[in-house]
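Heads up, the thing below is written out as structure tokens.
Throughout, read-outs are computed from the coordinates displayed, never taken from laboratory work. Keep in mind that this is a model prediction, so the values were computed, not measured. Neighbour counts run over all protein chains shown; Cβ positions are idealised from the backbone, glycine included.
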Amino acid sequence: MPEVERMLNNQTIEKLRDMKLKAMAQMLSEPDPSDLGLSFEERLGLMVEKEWMAKKNSKIKRLLRNASLSLNASIEGIEYTANRAIEKQSILELASCNFIEKSLNIITTGKTGCGKTYLICAFGSNACRKGYTVKYYRIPELLLEIQDAKAQTNTQNL
């Protein structure tokens, strides 16, 4: 690679990093030999796709971290045994996140050890993966949060 081209490439890589386009900068600084036969548009498309995926994954990680879910649960991990009386159709409906579009919340009740926390964490994780902001509360924490919000007359964020 000629010196002028290398300098321009390095400047471009630094500008990409300054714009927080790290995945694109990495692809440009460490080209995949299999990509060399591609046209400019095809390589650009691959770079944009990689950057988009990196940003999407980063957002999901941030949403999951901020949700404060107590378990690493998933919709796919829910067990539908006869003694649990969980209807798969109801789970799939909640997994669609339509309740969020309708500004509704999920509250679960049941005996100790029946899987309430797992279900809620599975729904929360699923919603985060779909790009929604989630906050997991246990009842004592939720009641304190409501009490604090009322004391400050700031119930808008609840």
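Observations, loosely collected:
- P(r) of the chain over all Cα-Cα pairs, binned every 5 Å from zero, in whole percent: 1, 7, 12, 14, 12, 10, 9, 9, 8, 7, 6, 3, 2, 1, 0
- Region 16-80: trypsin sites (Lys or Arg not before Pro) falling in loop per DSSP and having at most 15 other Cβ within 10 Å: K20
- DSSP-loop trypsin sites (Lys or Arg not before Pro) across region 72-135, with at most 10 other Cβ within 10 angstrom: K102, K111
- When its C-alpha radius of gyration is set against 2.2 N^0.38 Å (N residues), region 68-151 gives a value of 1.15.
- Rounded to whole Hz, the Karplus (6.51, -1.76, 1.60) HN-Hα couplings of region 143-150, x for glycine and proline: 5, 5, 4, 5, 4, 5, 5, 5
- Links that overshoot a 23 Å alpha carbon limit, given the list K55/K130; K15/K50; K61/K135; K22/K56; K20/K50: none
- Low-density loop positions, GluC sites (Glu not before Pro), region 82-151 - DSSP coil, at most 16 other Cβ in 10 Å: E87
- ³J(HN,Hα) computed for each position of region 103-117 - Karplus, 6.51 cos²θ - 1.76 cosθ + 1.60, integer Hz, glycine/proline x: 6, 10, 10, 10, 10, 10, 9, x, 5, 4, x, 7, x, 4, 4
- Residue-by-residue Karplus 3J(HN,Hα) for region 77-93, coefficients 6.51, -1.76, 1.60, Hz, glycine and proline x: x, 6, 9, 9, 8, 4, 6, 8, 6, 9, 8, 4, 5, 5, 4, 5, 5
- Using Cβ point charges alone (K and R +1, D and E -1), the dipole size of region 68-151 about the Cα centre works out to roughly 60 debye.
- Take the Cα radius of gyration of region 3-66 and divide it by 2.2 N^0.38 Å, N being the number of residues; the result is 1.27.
- The residue among A85, I75, I100 whose Cα reaches farthest toward the positive pole of the charge dipole of the chain, with charges on the beta-carbon of Lys, Arg, Asp and Glu, is A85.
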